[in-house]
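The block underneath contains the structure these notes are about, expressed in structure tokens.
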Amino acid sequence: MGKVGKGKLCDVKGCGRPAVRSISGEKARGLDVAPSGRRVYLCEEHHKLWKKLTKRDRELDRLRFLR
Ligand SMILES: [Zn+2]
């Protein structure tokens, strides 16, 4: 993960804002991104959303483990 150079746009469908972060494509499950390449580029807003989604995933995993 890291900063993204200028000119990259968010990969979430219908977004089109400038990307600020990239994540690996396999970690992008839950987001509506076009499956192109190994990196998925996200704008500020979708990066926040992605963090929320992955947090929920971790909590669900923990709940499954405890059950
Ligand atoms: Zn976006």
Averaged over all viewing directions, the convex hull of the alpha carbons in the chain casts a projected area in nm² of 4.7
Counting only Cβ distances under 4.7 Å between cysteines, those in the chain with no partner are none
Distance in nm between R39 and R56 label points, each 7 Å along Cα→Cβ, equals 2.8
Nearest 10, in degrees from 0 to 90: the angle of helix 44-66 to the longest Cα principal axis of the chain is 20
Answer in debye to the nearest 20: the dipole magnitude of segment 2-66 about its Cα centre, from +1 Lys/Arg and -1 Asp/Glu charges placed on Cβ, is 200
Among beta bridges assigned by DSSP with both residues in segment 2-66, the antiparallel ones amount in percent, to the nearest 5, to 100
The relative contact order of the chain, taking Cα pairs under 8 Å that sit 6 or more residues apart, comes to a percentage of 30
Here segment 12-25 yields Karplus 3J(HN,Hα) values (6.51, -1.76, 1.60; θ = phi - 60°; whole Hz; Gly and Pro given as x) of 5, 4, x, 8, x, 6, x, 7, 10, 9, 10, 10, 6, x
For segment 2-66, the charge dipole (Cβ of Lys, Arg +1; Cβ of Asp, Glu -1; about the Cα centre) points to a positive end, and the Cα of G5, H46, G25 closest to that extreme belongs to G5
With -39,500 (n - 2.57) per DSSP H segment of 4 or more residues and division by the full residue count of the chain, the 222 nm estimate, nearest 500 deg cm²/dmol, is -12000 deg cm²/dmol
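Bear in mind that the values in this text are calculations on the coordinates, not laboratory data. These numbers were taken from a predicted model, which means no experiment stands behind them. Methodologically, a virtual Cβ is constructed for each residue, glycine included, from the backbone with ideal geometry; neighbour enumeration extends over all protein chains shown.
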